[in-house]
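These notes are about the structure you will find just below.
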Amino acid sequence: MGKARMRAIVKGIVQGVGYRFFVEDRAYELGLTGYVRNLPDGTVEVVAEGDKEVLELLLEHLRRGPRSARVTDVEVEWGEVTGEFKDFRIRF
């Protein structure tokens, strides 16, 4: 598989429960680049780039989340890699 870009909106109880730190750790372990951030509507946005099969692994983690989170839905969009990221970070 080739490189890809994934944008995911994670819904449920995902703010104030360590979700962004969980995502940052998983993305770092998987060698992905991009960011995770809270959105004003209570969801979390994840934008990541890397090998598509590795992004699929991250997506599995997004659906599970940390124990304190309750994920109800993950909306995913796939796109072309832009190469704009050097690492994976939490955006505040």
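Read-outs throughout are calculated quantities, based only on the coordinates presented, and are distinct from any laboratory measurement. Quick caveat: nothing in here was measured; it's all calculated off a predicted structure. Methodologically, a virtual Cβ is constructed for each residue, glycine included, from the backbone with ideal geometry; neighbour enumeration extends over all protein chains shown.
Among Leu55, Val76, Gly65, pick out the residue whose Cα is farthest towards the positive end of the charge dipole of the chain, where Lys and Arg carry +1 and Asp and Glu carry -1 on C-beta, about the Cα centre.
The residue sitting farthest along the positive end of the dipole is Gly65.
If each residue of separation counts as 0.36 nm, what is the full-extension length gain between Ser68 and Thr82 once their alpha-carbon separation is subtracted?
Stretched fully, the Ser68-Thr82 segment lengthens by 1.8 nm.
Say a paramagnetic label sat at a point 7 Å from the Cα of Asp25, along Cα to Cβ; which residues of the stretch 55-92 have their backbone N under 11 Å from it?
Hits in the stretch 55-92 for Asp25 at 11 Å: 66-68.
Just add up the charged neighbours of Thr72: K/R +1, D/E -1, any other residue whose Cβ is under 15 Å from the Cβ of Thr72.
Values: positive: Lys11, Arg63, Arg64, Arg70; negative: Asp41, Asp73, Glu75.
Neighbour charge sum, excluding Thr72 itself: +1.
What's the FRET efficiency of Lys3 with Asp41 using the Cβ-Cβ distance as r and R₀ = 35 Å, to the nearest 0.05?
0.70
Which entry is the computed P(r) over Cα pairs in 5 Å bins from 0, in percent for this structure: (1) 3, 15, 30, 27, 17, 7, 1, 0; (2) 3, 16, 24, 21, 14, 10, 7, 4, 2, 0; (3) 3, 12, 19, 20, 14, 11, 9, 6, 4, 1, 0?
Label of the calculated value: (1).
Angle, helix 19-30 long axis vs. longest principal axis of the chain, Cα atoms, 0 to 90°, nearest 10?
The angle comes out near 30 degrees.
What is the Cα centroid distance between the stretch 44-91 and the stretch 5-27, reported in whole angstrom?
Each part's Cα centre sits 7 Å from the other's.
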